[in-house]
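Undergrad: The structure's right below; bear with me while I get my questions together.
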Amino acid sequence: MVSKVFSSGITGIDGYKVDVECSINSGLACFEIVGLPDASVKEARERVLSAISSVGFDFPLGKVTVNLAPGNIRKEGSGFDLAIALSIMICSNIISQNSTDGYMFFGELSLDGSLRPVPGILPMVIAARELGFDKVILPSVCAKEAVVVKDVTVYGAESLHDIFLHLTGEKEIVPLSINHEDYFNDDLKYAMDFADVKGQETVKRGLEIAAAGGHNIIMAGPPGSGKTMLARSMPSILPSMTFEEALEVTKIHSIAGCLPKDTPFMTSRPFRSPHHSMSSVSLTGGGRIPKPGEVSLAHNGVLFLDEFPEFSRSALEILRQPLEDAEVTVSRVNATITYPSNFILIAAMNPCPCGYFGDPKGQCTCSLQQISRYLGKISGPLLDRIDIQINVEPVEYEKLADSKPSESSAEIRKRVNAARKRQLIRYKDEGIYCNSDLSSEQLKRLCPLGETEQKILEAAYKKFGLSARAYTRIIKVARTIADLAGDDDINYTHIAEAINYRSLDKTLTHI
């Protein structure tokens with residue numbers, strides 16, 4: 001007899017069906033798992049043997065062979081344990097084959113038969129639904145993550161024994177259900193709010209434009225000027241995620257195994273702030289079997305890189321592809337996987353090694369050569385991909401001591417949402433969602449400039465030696481400024497303000 005139950009593996013951010021087949025033949029007692037398993041899957045032999053024995057059943061004698069099909073894809077992880085155990089129990093006539101019809105099974109087994117959580121539950125349940133399975137059984141601690149997928153009945157089990165009772169009809173596991181609308185509300189709490197930031201009105205304006213148009217931004221200023229505080233306030237003014245965006249973000253975090261325990265479904269945009277000592281592999285993703293990196297974990301959210309020039313040159317240069325294409329492709333011997341990476345980059349840096357170049361209050365001790373070398377760590381092609389470049393000045397004492405609260409994030413967010421709504425209407429037939437996504441052809445067609453605007457832009461282009469990419473970035477930022485103002489056309493004031501957000505271009509031409 002050959003039994004078959006179904007489970008799922010992960011490739012990239014998507015699940016795929018795995019047929020778990022078992023046969024028991026006469027011969028020398030042994031237990032083999034085939035189908036290109038990795039070490040963690042092979043170790044399932046000991047876990048499954050002990051778990052079946054622990055719930056009161058004898059492990060079958062003879063040659064037990066378990067096949068994980070398709071055999072040309074390497075299987076990894078411990079999530080196949082439950083399906084392997086059930087396929088053996090079917091072959092041993094402990095449960096019937098038809099009792100598993102319509103089900104997919106995921107979960108790691110403990111030696112005592114209890115179930116442990118596994119990463120990647122959400123994409124596996126989505127794959128189950130797309131493949132026509134309407135029921136899944138998995139560890140109870142993963143049930144809240146899985147239940148967000150509509151049209152799938154989710155059974156959360158504590159142990160292999162509970163599943164045995166459920167499949168034999170002795171004691172049914174109560175399925176978990178939720179109201180999907182309860183996940184989304186406008187009462188999200190943020191650690192930082194723009195109301196707490198004193199002064200820095202110009203920088204706040206730049207961040208508002210970045211949020212409204214999905215633009216990348218770099219802030220340069222002396223130590224203590226508030227760059228980090230401003231960056232960490234950014235999530236509080238970003239537009240709310242749609243259900244589809246939240247689903248994609250949750251899938252990535254689930255696969256990476258970094259989904260918060262108390263957050264089975266991510267409804268707030270991610271904010272990632274890796275240390276500057278991280279490697280390029282950690283930034284873009286990788287490993288023997290590629291996993292998402294920071295640029296993918298920040299998908300639909302913010303990637304904040306503090307002390308920007310202190311990152312390794314290789315890590316910074318590897319950002320160029322995801323910033324341009326909104327995705328990153330990781331190639332390894334075992335697989336070539338593409339992860340989404342559509343994020344807003346916020347970079348913060350000092351203007352020189354000591355931090356006080358251009359500061360009217362501080363005394364810079366760096367030579368022009370040191371300053372040039374420091375700024376040169378950020379290549380021209382990378383800087384071109386950052387739409388907004390802004391200087392952050394030290395805050396005056398009077399503003400710090402002023403007890404009057406600044407404009408709150410909630411008020412700024414209203415303007416951001418209004419600007420995004422205009423963009424969604426404008427681009428409803430274009431396949432894009434915000435101004436930063438505009439292609440060259442769309443930019444020419446949807447963002448025409450008048451004669452006055454062209455002359456202003458031409459003068460800036462020649463004076464600062466801008467590249468063609470910087471030229472298009474200025475127009476995109478100007479389009480967002482117009483959206484925030486509620487204007488249908490880009491005028492000279494929008495272009496002039498957008499040009500002012502190329503401060504590093506101006507700085508580099510004078511060093």
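The values are calculated or read from the model by the stated rules, or taken from the named source; none is laboratory data. Everything numeric in this text was worked out from a predicted model, so none of it was measured. As a convention, Cβ positions derive from the backbone with ideal geometry for all residues, glycine included, and neighbour counts pool all protein chains shown. Remember, those area values only see protein heavy atoms, side chains included, never the ligands or the DNA or RNA. Shrake-Rupley method; radii C 1.70, N 1.55, O 1.52, S 1.80 Å.
Undergrad: Contact list please: Cβ distance under 9 Å, first residue in segment 344-366 and free of Cβ contacts under 8 Å to residues at least 60 places away in the same chain, second residue part of a loop (DSSP other than H, G, I, E, B) and of a type in the set (Phe, Trp, Tyr), pairs at least six apart or on different chains.
TA: From segment 344-366, the pairs are 363/356; 364/356; 364/357; 365/356; 366/356; 366/357.
Undergrad: Okay, moving on. Name the residues in segment 228-243 that are hydrophobic (A, V, I, L, M, F, W, C), touching a residue at least 60 places away in the same chain (Cβ under 8 Å) and not in a loop (DSSP other than H, G, I, E, B), would you? Outline the logic, then answer.
TA: At the first step, the residues of segment 228-243 found to be hydrophobic (A, V, I, L, M, F, W, C) are 229-231, 234, 237-238, 241, 243.
Narrowing the set further to residues that are touching a residue at least 60 places away in the same chain (Cβ under 8 Å) leaves 230-231, 234, 237-238, 243.
Matches in segment 228-243: 230, 231, 234, 237, 243.
Undergrad: Residues that are closer than 20 Å to residue 211 by Cα and touching a helix residue (DSSP H, G or I) at 6+ places or on another chain (Cβ under 7 Å), at least 2 per element: which helices (runs of 4 or more DSSP H) completely within segment 385-498 meet that?
TA: On the way: elements: 397-401, 409-426, 440-446, 451-464, 468-485.
Helices (runs of 4 or more DSSP H) meeting the threshold: 409-426, 468-485.
Undergrad: Given 268, 282, which one is out of contact with any strand residue (DSSP E or B) (no Cβ under 9 Å at 6 or more places or on another chain), among the polar types (S, T, N, Q), closer than 28 Å to residue 434 by Cβ and touching a residue at least 60 places away in the same chain (Cβ under 8 Å)? Please lay out each step first, then the result.
TA: On the way: 282 fails: touching a residue at least 60 places away in the same chain (Cβ under 8 Å).
The unique qualifying residue is 268.
Undergrad: Turning to a different aspect of this structure: Counting only residues that are open to solvent by less than 20 Å² (accessible area, probe 1.4 Å), give me the helices (runs of 4 or more DSSP H) lying completely in segment 5-91 with at least 3 of them.
TA: On the way: elements: 39-42, 44-54, 81-91.
Filter on segment 5-91 gives 44-54, 81-91.
Undergrad: Pairs under 8 Å by beta carbon, first residue more than 20 Å from residue 360 (Cβ to Cβ) in segment 396-411, partner β-branched (Val, Ile, Thr), six or more apart or different chains?
TA: 406/197; 409/237
Undergrad: Considering segment 58-82 alone, what residues qualify as being within 17 Å of residue 22 (Cα to Cα) and among the hydrophobic types (A, V, I, L, M, F, W, C)?
TA: Answer for segment 58-82, where residues must be within 17 Å of residue 22 (Cα to Cα) and among the hydrophobic types (A, V, I, L, M, F, W, C): 59, 61, 64, 66, 68, 69, 80, 82.
Undergrad: Pick from 402, 359: which is surrounded by 13 or more Cβ atoms within 10 Å (Cβ to Cβ) and of a type in the set (D, E, K, R)?
TA: 359
Undergrad: Give just the number: which of (1) among the aliphatic types (A, V, I, L, M); (2) modelled with pLDDT under 90; (3) in contact with a strand residue (DSSP E or B) (Cβ under 8 Å, 6 or more places away or on another chain) does residue 149 not satisfy?
TA: It fails just one condition, (3).
Undergrad: In addition: Checking residue 447 against (1) in contact (Cβ under 8 Å) with a residue 60 or more places away in the chain; (2) buried (at least 17 other Cβ atoms within 10 Å of the Cβ); (3) hydrophobic (A, V, I, L, M, F, W, C), which test does it fail?
TA: All conditions are met except number (1).
Undergrad: Give segment 255-276 a look and list any residue that's at pLDDT 90 or above and among the hydroxyl-bearing types (Ser, Thr, Tyr), or say none.
TA: Scanning segment 255-276 gives a single hit, 273.
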